[in-house]
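Okay, so here's the structure we're looking at.
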């Protein structure tokens, strides 16, 4: 039986790898790397750095494949079908890699940014491949430090407050309105700087881009005072690197939270 390891490698700092992840790296015979093009070549470079640093017996194989491009125009206008199509094309690649590049009894690995269980498609794609019944394999998931936990650590904050929930959502969903019943919302995959919709409300933002890397940028403060600066920094960073990975926490202020409390909360 072929075996696949899905290894969370953290948000960008090679020192964020857990001991469990390092042990997993040393169990694999073959590493599958998806190349996202020249603009994001440094993402491949970081994976190479991790392998060079932590693998004790460098007799492994590297197999690279080109990651299928997403139709950004279609994603904007018809999101679920566009994502399903992209995932299906990715599954075609995963199927071929596992079938053709991994022999029975061998162990392959995918290195996943952050944590494989949080806004990542790898697990769903592997399930898709298994459902096709064209290649047999088992897989194991090794958790990693997510961009969310790395962001909170960098800003020295807890994600939740006493007795209150925290919600993780996307920029697309946030654009529909601030979620009801929560005061602390972590936002991921926001290409349109949706936080700028809340400059007239009593909210703080804790924002970070490229968290854990040498290019890390952090900003915190009232949304009304920081939104424009974050937008400028984000635009500059995207122009310089050609891509950006960022996330943020939106937090209603303590005063506003207390006003919104119900008798049941007290």
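Descriptive notes on the structure:
- For first residues located in region 128-139 and more than 22 Å from residue 86 (Cα to Cα), partners that are in a loop (DSSP other than H, G, I, E, B) and lie 6+ apart or on another chain with Cβ distances below 6 Å form the pairs 138/1.
- Annotation: of all residues in region 103-113 being modelled with pLDDT of 95 or more and under 17 Å from the mean Cα position of the chain (by Cα), the one that is surrounded by the fewest Cβ atoms within 10 Å (Cβ to Cβ) is 112.
- Sole residue being surrounded by 15 or more Cβ atoms within 10 Å (Cβ to Cβ) and part of a helix (DSSP H, G or I), chosen from 141, 129: 129
- At least 3 residues being in contact with a helix residue (DSSP H, G or I) (Cβ under 8 Å, 6 or more places away or on another chain) and buried (at least 16 other Cβ atoms within 10 Å of the Cβ) is the threshold, and among the strands (runs of 3 or more DSSP E) wholly inside region 159-242 those reaching it are 184-188, 203-209, 217-222.
- Residues of region 13-70 satisfying the condition of being touching a helix residue (DSSP H, G or I) at 6+ places or on another chain (Cβ under 6 Å), over 26 Å from residue 214 (Cα atoms) and part of a loop (DSSP other than H, G, I, E, B): 68, 70
- In region 199-217, the residues that are touching a strand residue (DSSP E or B) at 6+ places or on another chain (Cβ under 7 Å) and within 14 Å of residue 251 (Cα to Cα): 202, 203, 204, 205, 206, 207
The values are calculated or read from the model by the stated rules, or taken from the named source; none is laboratory data. Because the structure is predicted, anything quoted here is derived from the model rather than measured. Positions of Cβ are generated from backbone atoms using ideal geometry, with glycine treated the same way; all protein chains shown enter the neighbour counts.
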